[in-house]
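Q: Below: one structure in structure tokens.
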Amino acid sequence: MSSEIIVPAESGHPGLPAAEPGKWARLWSEIKKNKVSYYFLAPFLILFTIFTIVPIIMSVVLSFSYYNIIETPRFIGFSNYKLLFVDDDIFLQAVGITLKFAFITGPVGYILAFLLAWLISQIPQRFRFFYTLCFYLPSITSAVAMSVVWLYFFAGDRKGLLNHWLIQLGILNEPYLFLQNVDSIVPVIIIVSLWMNMGVGFLAFLAGLQNVPGDLYEAGSIDGIKYRWQQLWYITVPSVKPQLLFGAVMQVVSSLTVFDVSMRLVGFPSPLYAGHTIMAHLFDYAFTRFEMGYASAIAVLLFFLMFGLNRLIFRVLGRD
């Protein structure tokens, strides 16, 4: 008759399996296993923490205080947020203008950038650089330089190019003040912003479109796809989904942070605050009035607005 020896478990409970390590223990084990990779990531992670994570945390903290740079920050609770939503009519107007601007330039600029990138990808290789440069160049040109061109185009006298054309055609009898009339300020900013919209997202679309395997189009033609728009919808768009996601995120950020174009075209502040955006309001309180606590509250709200829209984009475009 053989005897069996049962060795008690180290946990003190004989016969029971040892508990699995927790999430943080597994993470630490993975870090130790791949420590060389984390050494290479360390410079980026350190700089990202110092210049992104820490400023975000400091903004949240300062948003609950009164801070004018000279005095020590004084805790005032939710007073800044109450002032923003209850007493600050200019901020509510800026939110409306920014959202109107974002909901027009966002989708229109996004679709326009993708369609132009798709059209450029259809032309011969030797001509692509020229057309890419033509569409991308306005986005890397400074707002100051671009405003010189557009100020001449929308000038409110007979020397203004658009007024000159409209008067010559008999549409107008006298010059129209495009940059002073509150009804035309936002449309002008939208037009100029769309012109300068072909930035990093446009290049990402173009790179993604050029890397779609040609075998997919051959397989699609065998399966019955005959027209270009069918190739675009059933093959091209699913193949460049990561680039579409990246371009959408960049478009949201650029649409909600418009400021330079508005300031250069219609001044700061704009007539009757007709072109006043959230970023312009933040700039006003941060660098004109030096009320950093109030400006931090504006920055926090803008951050959460961007975060919410980006999460929505990830839900729509981030799914497989």
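The values are calculated or read from the model by the stated rules, or taken from the named source; none is laboratory data. As the structure is a prediction and not an experimental result, all values here were calculated from the model. Cβ coordinates were reconstructed from backbone atoms using ideal geometry, including for glycine residues, and neighbour counts include every protein chain displayed. For accessibility, only protein heavy atoms count, side chains too; no ligands or nucleic acids. Shrake-Rupley method; radii C 1.70, N 1.55, O 1.52, S 1.80 Å.
Q: Hey, any idea what the orientation-averaged projected area of the convex hull of the chain's Cα atoms comes to, in nm²?
A: 31.7 nm²
Q: Tell me the per residue accessible area of the range 168-320 using a 1.4 Å probe; a whole number in Å² is fine.
A: Each residue of the range 168-320 exposes 54 Å² on average to a 1.4 Å probe.
Q: For the range 97-188, what does the convex hull of the Cα positions come to per residue, in cubic angstrom?
A: Normalising the Cα hull of the range 97-188 by residue number yields 144 Å³.
Q: If you average 1/r over all unlike Cα pairs in the range 163-212 and invert the result, what Kirkwood radius do you get in angstrom?
A: 13.8 Å
Q: Something else about it: How large is log10 of I(q)/I(0) for the range 21-94 at q = 0.21, 0.23 Å⁻¹ when the intensity is taken from the Debye formula with one equal scatterer per alpha-carbon?
A: -0.98, -1.08
Q: Taking 0.36 nm per residue of sequence separation and subtracting the Cα-Cα distance, how much length would be gained by fully extending the chain between I104 and N173, in nm to one decimal?
A: Gain in length upon complete extension: 21.8 nm.
Q: Between the helical axis of 200-210 and the dominant principal axis of the chain, each derived from Cα atoms, what acute angle in degrees is found, rounded to the nearest 10?
A: Long axis of 200-210 versus the principal axis of the chain: about 70 degrees.
Q: When only the heavy atoms of the protein chains count and the probe is 1.4 Å, how do K226, K32, K241 rank by accessible area, highest first?
A: So the residues, ranked largest to smallest area, are K226, K32, K241.
Q: While we're here: By how many nm would the segment from Y38 to Q125 lengthen if fully extended, with 0.36 nm per residue of separation less the alpha-carbon distance?
A: That works out to 27.3 nm of additional length.
Q: Using all C-alpha to C-alpha distances in the range 236-320, build P(r) with 5 Å bins and read off the rounded percent in each one.
A: Computed distribution, short to long bins: 3, 14, 19, 17, 16, 12, 9, 7, 4, 1, 0.
Q: If K35, K23 are ordered by their accessible area, calculated over protein heavy atoms with a 1.4 Å probe, which sequence runs from highest to lowest?
A: Highest to lowest solvent-accessible surface, that is K23, K35.
Q: May I pose another question? Count charges around A295 for me, please; just the other residues with Cβ under 9 Å from its Cβ, Lys/Arg as +1, Asp/Glu as -1. Before the final figure, lay out the partial values.
A: Working: positive: R289; negative: D284, E291.
Charge balance near A295 sits at -1.
Q: With all protein chains present, calculate the accessible area of H164 using a 1.4 Å probe and round the result to the nearest 10 Å².
A: Here the residue's solvent-accessible area equals roughly 80 Å².
Q: Please give the direction-averaged projected area of the C-alpha convex hull for the range 260-305, in square nanometres with one decimal. Display every interim value, and only then the final one.
A: Numbers: hull surface 13.1 nm².
Across all orientations, the range 260-305 yields a mean hull projection of 3.3 nm².
Q: Quick check on the chain: helices-only [θ] at 222 nm, where DSSP H runs of length 4 and up contribute -39,500 (n - 2.57) each and the sum goes over total residues. Nearest 500, please.
A: The helix-only estimate for the chain comes to -19000 deg cm²/dmol at 222 nm.
Q: Report the paramagnetic label zone for E71: residues of the range 275-306 whose backbone N is under 15 Å from a point 7 Å from Cα along the Cα-to-Cβ axis.
A: The answer is 290-294.
Q: If you project the alpha carbons of the range 63-150 onto the principal axes, what extent comes out on each, in Å, largest first?
A: 63, 28, 24
Q: Could you order T132, T72, T141 by accessible surface area, starting with the largest, using a probe radius of 1.4 Å?
A: Largest accessible area first, the residues go T72, T141, T132.
Q: Report, largest value first, the span of the C-alpha coordinates of the range 60-103 along each principal axis, in whole Å.
A: For the range 60-103, the Cα spread along each principal axis is 39, 18, 16 Å.
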